[in-house]
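Following: one structure in C-alpha cells, then a few remarks.
Nothing in this text is a laboratory measurement; each read-out follows from the coordinates by a stated rule. Predicted model, so just to flag it, every value in this text is computed and none were measured. Note: ideal-geometry Cβ built from the backbone for every residue, glycine included; neighbour counts use all protein chains shown.
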Amino acid sequence: MALAAAGALTLFAAYAVHVYIVRKYLGVVARIFQEKPLFMIPFGKPRQDAEDLNIPSTDGVILKGCYLKTKQPRQGVIFFGLEFGSKRWSCVPYCDFLLDAGYDIFACEARGQGDTPTSGGYEPLQWITEYEIQDYKAALAYLKSRPDADAQGIGLFGLSKGGGAGLFVAADDPYIRCCATDGIFGTLTTIVPYMAQWVMIYTKRHFLASLLPKWYLRLLAKKMLRGVEAERRVHYPSLARVLRKLAPRPLFMIHGGADSYIKPEMARSLFDSALPPKELWIVANAKHNQAFHLVGDEYKRRVRAFFDVHLQRAVPEPVSEALKTN
C-alpha cells in the first residue's frame, strides 16, 4: 500500500514538473525558434552570359533561377542550393571554379527568397518546410526538361538551408548522383542541444534542469514544433531521417569548426544519420558558411575533386559545334 502510494506520488510530481516546464519554457523556445539569424548574406551579381529563368513551381508560383554554361567541354551539371535569404546570383562566387572546371551551374530561389514572391502568406524562416522541398523538386524537374539536360544525372552543391532542401529532393530522386554541402543542419539535431542550454538560462532550478534527459528534451522539442507548425501552417520535416535514404550515393559534408550557430557536434550528429559512402570535413576556425572564404584553395580543390570523381562520365558528352568553333 505504502509502495503504491509512493509510486503515485512520484508520478504526480513528475507530471507537475512536466506541466511547469511546458507552461514556463515551451513558449520561450517557440519564440527563439522563429527568430531569424543575423548573417551577412551574399547576393552576388547577375552575369551577362547566364540564362535568367522563370520556373513554375507545382502550385504556380514563379521561381527565379539562373543557368550558367561552362566554356569548357562539359563534365557535368551542378544544382547549387542557396543559403537562407540569398539571391540566385550568389551561386556565382561559390561556383566560378566549377564553371572553369567544365561544370554547368544551376541555381533557383525558393518562394519568399530573393526576387521570388511568396504565396498564401507563407513567411520563410531558416528552417526547411514542405514549401522549399516542393520548389526544389520543381527546379529539378525543370533541369530534367531542358534540351541540354544531362542524361546521366547531376550533382548537388548546397549551403546551409539550401543544401538541406536539396538533400530532401536527392533522397527521393537518384537523378542527383552525389551531394556536397556546407553548413547544413537538421531541425531536431539543432534545437534539442539548444534547449538544454536555454532551460539552464531561463530557470533558477539548475539542479532540476540538469536532470532532464535528452529523450525528454526531444519530446518537448517535438511538442513545440507541432505548435509552431499549427500556427504557421507548415511542416518541419526531419533531415536526419531522409539522409539514410541517400546511400549508396556519396555525401561530402563541410562544416565550420568555429560555427557558433550550428555547432560542430550538431553537424556530427546529423552526419551520423547518413550511411556510407560519406565524408565530413570540419574546417578549423571557420564560422557558419565561411569555410570557402577562410581556406578557399583547399575548399575548391576538395569540392572539385569530389565532383570529378562522382560525376565521371560513363559516356563522354559530344563536343558541341559551338565549342568546336571557339
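Among the residues of the range 80-97, is there at least one that is within 21 Å of Pro56 (Cβ to Cβ) and basic (Lys, Arg)? Show your work before the answer.
The initial filter retains those residues of the range 80-97 that are within 21 Å of Pro56 (Cβ to Cβ), namely 80-82, 87-89, 91.
Filter once more, so that each one left must be basic (Lys, Arg): 87-88.
Checked the range 80-97: at least one residue is within 21 Å of Pro56 (Cβ to Cβ) and basic (Lys, Arg).
Only one of the numbered conditions (1) surrounded by fewer than 23 Cβ atoms within 10 Å (Cβ to Cβ); (2) under 24 Å from Glu229 (Cβ atoms) is violated by Glu132, and that is (1).
Here is a yes/no grid of residues against (1) closer than 14 Å to Pro46 by Cα; (2) in a loop (DSSP other than H, G, I, E, B); (3) not β-branched (Val, Ile, Thr):
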site	(1), (2), (3)
Thr70	no, yes, no
Gly85	no, yes, yes
Ser90	yes, no, yes
Asp104	no, no, yes
Gly112	no, yes, yes
Asp115	yes, yes, yes
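Restricting the range 25-62 to residues that are of a type in the set (Val, Ile, Thr) and out of contact with any Cys (no Cβ under 8 Å at 6 or more places or on another chain), the residue that is nearest to His288 (Cα to Cα) is Ile41. Pairing each residue of the range 73-94 that is more than 24 Å from Tyr175 (Cα to Cα) with any residue that is part of a helix (DSSP H, G or I) and small (Gly, Ala, Ser), provided the two are 6+ apart or on different chains, yields C-beta distances under 9 Å for Phe84/Ser160; Phe84/Gly162; Ser86/Gly162. When restricted to residues that are buried (at least 18 other Cβ atoms within 10 Å of the Cβ) and not charged (D, E, K, R), the range 241-260 contains 10. Just give me the residues in the range 244-264 being of a type outside the set (Lys, Arg) and over 12 Å from Phe185 (Cβ atoms), in sequence order. Residues satisfying the conditions are Leu246, Ala247, Pro248, Pro250, Leu251, Phe252, Ile254, Gly257, Ala258, Ser260. Each residue in the range 265-305 was checked for being in a helix (DSSP H, G or I), within 21 Å of Ser90 (Cα to Cα) and not hydroxyl-bearing (Ser, Thr, Tyr), and 12 of them qualify.
Filter the range 113-144 down to residues that are more than 16 Å from His235 (Cβ to Cβ) and either in contact (Cβ under 8 Å) with a residue 12 or more places away in the chain or not hydrophobic (A, V, I, L, M, F, W, C) (or both), then give me how many there are. If you could, list the steps in order and put the result at the bottom.
Taking the range 113-144 first, the residues more than 16 Å from His235 (Cβ to Cβ) are 113-118, 138-144.
In the following step, the residues that additionally are either in contact (Cβ under 8 Å) with a residue 12 or more places away in the chain or not hydrophobic (A, V, I, L, M, F, W, C) (or both) were identified as 113-118, 138-140, 142-144.
Residues meeting the conditions: 12.
Scanning the range 153-166 for any residue that is part of a loop (DSSP other than H, G, I, E, B) and under 26 Å from Lys278 (Cβ atoms) turns up at least one such residue.
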